[in-house]
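Here's the structure we're looking at; comments come further down.
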Amino acid sequence: MSIFHWNRPKPSPAAPKPDPFRTTHIYCYYCNSVLELDRVKFRSMESWDKAATEANDELSCEQAVAQVGARSDEGSELMKKLLKAIHPKDKSRLVPFCYKCSRSIRVSLDIWGTPVIAMVGGPSAGKTCYTGALWHQLICMTENRPEQIVMTPFPAEGMTYLNSIRDDLVFKRQIPIPTKFDLKEKKLQPCGINIHSYTHNTNKPIVIYDIAGDAFTVGESATGDDLAQVSRIAQSCASYISEDNVCGIVFMVDPYACPEISTKYKLPPLTDNQSQGRVVFSQGELLLRMASFLKLKQGLGLSDKIPRSIIISLTKLDIFLNQGLAAAINYREAYEDVREKLLDEALSSNLEWQSFEELHLFALKLFRVLGIQNLYDQAKEQFTDVHCFAISSFGHVPMWNRILIEEVKPQAVEVPFLWHYKRANRKELT
Ligand SMILES: Nc1nc2c(ncn2[C@@H]2O[C@H](COP(=O)(O)OP(=O)(O)O)[C@@H](O)[C@H]2O)c(=O)[nH]1
Ligand SMILES: [Mg+2]
Ligand SMILES: [Zn+2]
């Protein structure tokens, strides 16, 4: 260091604030990497499929940001503007791509900052049927009040996915085929739903993913050690559940996988030969494995509670309604009593949670009768906010051959969804 420097210290100006895009991160839904936005490059949509894209046809993030004049914009504003950038050569839209796996992350840009509901559950828990039934239910709930509320699915692929499962269930009366899990092509398909309420003057999107149960259970072995299982979640597409934009978890409990239930109640035969060679995953173990994974990712201690909201959601409620189980019927009646109010309660920004809380209490009673309240207790030990609900995607027990005999009339499927929607959009955090 020179003496002159010592004698004449430069006035130290406050460090210039970096451009917001330099500090922004974005998630790749293919390889599950968190990317630095300013390292992301853009190609033109036109040249996307052409085998040899010239390197100089690529635009840097800096160039794209400069083009749309978004230098000082942050967050969603920045993303919205970036989506409008075009390639100077062929004037086609720009496709951002992941610098780790080279695949398009356009969808990541689309849903940036949108809260995500993470669905978790083993194979056959009922996640795919739930996704279709939920979309059907939301359509039915809003159909006759279009001047009050409009629900729009996005992006295009998500809309196609939602509509195709709904078509299967509602029009073909066919149970959708099990979700494939491909370790190589493990992309997540975000299904976004934007809810625009004119009455409440709100317009907010939320995203759900229907992911294969294998993502939580791959490589399961009778002797499986916990750490290996936790690291498998980390490698699979299920790892997104630890991302910041996940506003809540819905843990789908399959009654067929609960020995407490199957020893006490005679469950109807499964709808297909999925049961052959079907490994039953302990629901409690799955819950703990997910909790360990989240703690690891968030740097929490073993005895710390995860600051997340989780809903323990018993699927296939129709089975117990069919058997005339009083606790199930009481739950259904409680649901019928509040169903008209739920949507308004979910859309209003006040602290009114009464209908949801009532249903939670009825669900807890049902859990006790069924002998699975230990799942709730376990979840309470791991998470700061736990609620229970029960749902039926079909509203009746299906036949063995994957065909639904009666019309689909989902029961309470909107409850977990609306709970998280309200929670994600409330003004103040408690
Ligand atoms: N009784 C009944 N069975 C259901 C319901 N939802 C799903 N199932 C059954 O559970 C099986 C697995 O459902 P699926 O949604 O594919 O589970 P996923 O693996 O979690 O996506 C289906 O083949 C159905 O037979 C429901 O609401 N009631
Ligand atoms: Mg599935
Ligand atoms: Zn990637």
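A few comments on the model shown:
- GLU381 vs. criteria farther than 18 Å from ASP254 by Cα, in the same structural domain as ARG339 (by TED's automatic domain parsing), out of contact with any strand residue (DSSP E or B) (no Cβ under 6 Å at 6 or more places or on another chain) and modelled with pLDDT under 95: no
- Entry remark, the range 306-315: residues being farther than 30 Å from PRO268 by Cα and either surrounded by 16 or more Cβ atoms within 10 Å (Cβ to Cβ) or of a type in the set (S, T, N, Q) (or both) number 3 in total.
- Boolean, SER60 is buried (at least 17 other Cβ atoms within 10 Å of the Cβ), more than 24 Å from the chain's Cα centre (by Cα) and of a type in the set (Ser, Thr, Tyr): no
- TYR161, sole failed condition from (1) over 22 Å from the mean Cα position of the chain (by Cα); (2) closer than 21 Å to VAL207 by Cα: (1)
- Residue match in the range 121-136 (condition: on the phi < 0 side of the Ramachandran plot and either away from ligand 1 (no atom under 16 Å from the Cβ) or in contact with a Cys (Cβ under 6 Å, 6 or more places away or on another chain) (or both)): no
- Flag if THR114 is surrounded by 15 or more Cβ atoms within 10 Å (Cβ to Cβ), more than 16 Å from ligand 2 (Cβ to nearest atom), hydroxyl-bearing (Ser, Thr, Tyr) and under 30 Å from PHE216 (Cβ atoms): yes
- TYR265 vs. criteria among the aromatic types (Phe, Trp, Tyr), in the same structural domain as ILE391 (by TED's automatic domain parsing) and surrounded by fewer than 20 Cβ atoms within 10 Å (Cβ to Cβ): yes
- Meeting the requirement of 2 or more residues that are within 16 Å of ligand 3 (Cβ to nearest atom), the helices (runs of 4 or more DSSP H) wholly within the range 86-168 are 106-110.
The values are calculated or read from the model by the stated rules, or taken from the named source; none is laboratory data. In this text, all values refer to a predicted model and were calculated from it rather than measured experimentally. Glycine gets a Cβ as well: all are built from the backbone with ideal geometry, and neighbour counts include every protein chain shown.
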